[in-house]
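To start, the structure under review is shown below, and the notes come after it.
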Amino acid sequence: MQTARAGSFAKAAERMGGTPSGVAKAVRRMEDRLGTTLFARTTRKLSLTETGLLLLEHADRILDAIAQAEASLAHADAGPRGRLKISLAPGIGRALVLPSLREFMRAYPDILLDIDFDSRQVDLVAEGYDLVLRGGVAPPDSSLRGRNLGPERSLLCASPSYLQEKGAPNTPADLAHHRCIRYRSPTKGRIRPWPLPPLSSGCSVEVPQTIVLSDPEAVRLSALAGIGIAAIARYAALPAFANGSLQPVLADALVAQDENDNWLLWPPDRQHVPKVRAFVDHVVAVFDAYHRQDASQAVRKPANRPPRKR
């Protein structure tokens, strides 16, 4: 690494207290062992080959990990501290994690939070993240450590103004006569199915695609605007049910969804870092409380439910 930084055997030897020939021999031994050329040599300077750049990148990561481990051990007795870089899925991150951070910051005043709200797939090691919160079937990278925070359900809902206009469906088959707001995944390109059971014939319910949106927040706002019926995540639906801005639709007909669990993931070398452990424990407690919520208690029953129009 010193040779790569210095750009010559002589400067590297000066920094390490050795001789240029000794440094050159060490580099050649490494090249022989790896079976590749790490430096392109000219009479004036050395420059890293593509393989050399790759090795340097991996070496930097290893040294950074060692430095972080030493720092964590040095401060282990003093408690969790330092900058914590986190990436949160925007919807659930804003709805559940963000409101809880005041309590976390009071408990751990020496932790500095650096949070991105982004749904893209990040490289935790290369981008320097300590933790990410994502939804999915399973962790996308088997080398990562993680905690399953439980399944995320979708609930069907509509605004009072829409239900006053169109009436409420009594059965899933009634959705054929309604305006339905559908969500298309921007990464997978498929329209997310609604949590409805199959018909008695065994066929799935044909839900109209009156409007298709690629942003979950746009789906929620469209439902609030009275455009139609939407399936939105439980964490977004419950507050709207509580304040009456949305009302549940076909609640008794929905089936549980468990194909989209929420995951908290971190690199293996962060497993025992105190600040990481503290945040993992905090988020697990937040999600445990969230899953204990009873949806029926959060629903404000309308005084006069509009009749279904035929």
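The values are calculated or read from the model by the stated rules, or taken from the named source; none is laboratory data. Values in this document were obtained by computation on a predicted structure and should not be read as measured data. Neighbour counts run over all protein chains shown; Cβ positions are idealised from the backbone, glycine included.
Brief remarks on what is shown
- Among the residues listed as Val132, Val137, the single one being modelled with pLDDT of 85 or more and either within 30 Å of Val276 (Cβ to Cβ) or surrounded by fewer than 20 Cβ atoms within 10 Å (Cβ to Cβ) (or both): Val132
- Matching option when the condition is of a type outside the set (A, V, I, L, M), free of Cβ contacts under 8 Å to residues at least 24 places away in the same chain and out of contact with any strand residue (DSSP E or B) (no Cβ under 9 Å at 6 or more places or on another chain), among Asp269, Asp252: Asp252
- Test: residue in region 243-251 that is in the same structural domain as Asn170 (by TED's automatic domain parsing), surrounded by fewer than 22 Cβ atoms within 10 Å (Cβ to Cβ), at pLDDT below 90 and at negative phi: yes
- Of the residues examined, Tyr162 is one that is farther than 29 Å from Arg292 by Cα, at pLDDT 90 or above and aromatic (Phe, Trp, Tyr).
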